[in-house]
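The structure appears right after this line, and notes come after that.
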Amino acid sequence: MKQGQVFLLWLALGALALMAGCLTLPGQRQAALARGSETAGLSPTTSDTPTATATAVPPSPTPTARPIPTATPTPTLTPTPTPALPAIQRILLLGTDERPGSSDKTWRTDAIMVVTVDAENKRIGMLGIPRDLIVTPPTLGEMRINQVDYLGELYEYPGGGPALLADTLKETFGLEIDHYVRFKQQGFVQAIDAIGGITVTLECPLQEFAPADPGSDALYKELYLEAGTHHLDGETALKFVTYRYRFGDWERAKRQQLLLLALREQALQLNMLPKIPALWDIVKDSVQSDLSLLDWVRLAYLATQIDPQDIHGRVIDETMTEDYITEAGGMALSGEMEEIKEVIETLFDVPPASEFYSKSGHCPPIWPSPTPTATPTPEA
């Protein structure tokens, strides 16, 4: 079962990396979604605030809805891997900002990725979806896509939030979702530290910002990494997939995919195997999925056969979206549907993700630090 555990761990940590990109920064979250009848007529003031005008009547069931099971149990057996996978299946990776113990019981799914597993041709495609994209879920009004998961849970949609989001992607883009994996933010830093950190290589210096912590005299805090290879600890990896105030959600989504690739390579190294039981204990409570143990084993078997050159990635970015003002005056994104559908159809026609996101030496300039006392973040 070692291969199965490695793949499960890779996908779990990879999606945790995606999830970490949507973490709520302390002191920056605006008024939360109200429950029950207060959900109707939401009035956003920032791009993080929900914009839906939704009916309080629970939505009707749809054929694609499915119940949400408990988190996938820790694999303990050693079944024989079998390649009996569907020719094509799509797995919806969802990262929520739900935090245990928080007084704010509302949450959003601010990291959304569809992973297409092409078993027939032994290749994987990743599609990053921006959190502010405007969609219209079944039986609900227009809203940002990062609200759909939560509202599916709130209104007890058959199959819950993942099913409602899956139905939304089907109606909006024609994407048939077969399975989902949902992650909470807890455990990300501990998991990265438990594997001894993660190594990434940057073509260009990375300079990103996030709002400063409450009580700070600065407006922003900064992440700065020189071009080259860096071994990141958990806290720095969290910043790597979280900060977005300079280059936005599109570039952050690309970094999330690149970190997922790095996690895959590191998880497949033999020296990871002794750490798997302890590491799984860290992440298991943060993972919820409808994939069975046999599904994981089959995917693990396939993962051992896929060359890194056959892992592709795209992001629905600024070239296929436009700024959009909601009726309540909030900022969002309107998608160019024909362009997005073309990206979906040609997902495997672009170079591998590690090459496709290359900047080809066109590195952006480094800005002055936001405060005179700010210094670049040292390499972990």
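Here is the size of the range 305-351 from its Cα atoms: Rg then Dmax, 14.9, 50 Å. Size of the range 272-360: Rg and Dmax of its alpha carbons, in Å, are 19.1, 54.
Spherically averaged projected area of the convex hull of Cα atoms, the range 99-241: 12.2 nm².
Distance distribution P(r), the range 137-187, all Cα-Cα pairs, bin width 10 angstrom from 0: 25, 57, 17, 2 percent. Summary of packing: across the peptides 212-225, 188-201, the per-residue average of other C-beta atoms within 10 Å ranks them, highest first, as 188-201, 212-225. Pairs of C-alpha atoms in the range 204-253 farther apart than 16 Å represent 44 percent of all such pairs. Note on the range 148-229: with neighbouring protein chains present and a 1.4 Å probe, carbon and sulfur make up 45 percent of its accessible heavy-atom surface. Each peptide in 125-131, 322-328, 294-300, 135-141 gets a packing score, the mean of other Cβ atoms within 10 Å over its residues, and the list from highest to lowest is 125-131, 294-300, 135-141, 322-328. Kirkwood hydrodynamic radius computed over the range 209-362 comes to 19.0 Å, based on all pairs of distinct alpha carbons. Quarter the surface of the alpha carbon convex hull of the range 152-235 and you get the mean projected area, 9.7 square nanometres.
Calculated from the alpha-carbon coordinates, the range 285-334 shows an Rg and a Dmax of 19.1, 50 Å respectively. For the range 259-372, relative contact order (Cα pairs under 8 Å, six or more residues apart, normalised by length) works out to 21 percent. Taking all Cα pairs closer than 8 Å and separated by 6 or more residues, the relative contact order of the range 133-177 comes to 32 percent. Per-peptide packing, taken as the mean over residues of other Cβ atoms within 10 Å, places 153-166, 304-317 in the sequence 153-166, 304-317 from highest down.
The values are calculated or read from the model by the stated rules, or taken from the named source; none is laboratory data. Model, not experiment: these values are computed from the prediction. Note that we place each Cβ from the backbone using ideal geometry, even for glycine, and neighbour counts take in every protein chain shown. To get the accessible areas, we keep the full protein, side chains included, count just its heavy atoms, and leave off ligands, DNA and RNA. Shrake-Rupley method; radii C 1.70, N 1.55, O 1.52, S 1.80 Å.
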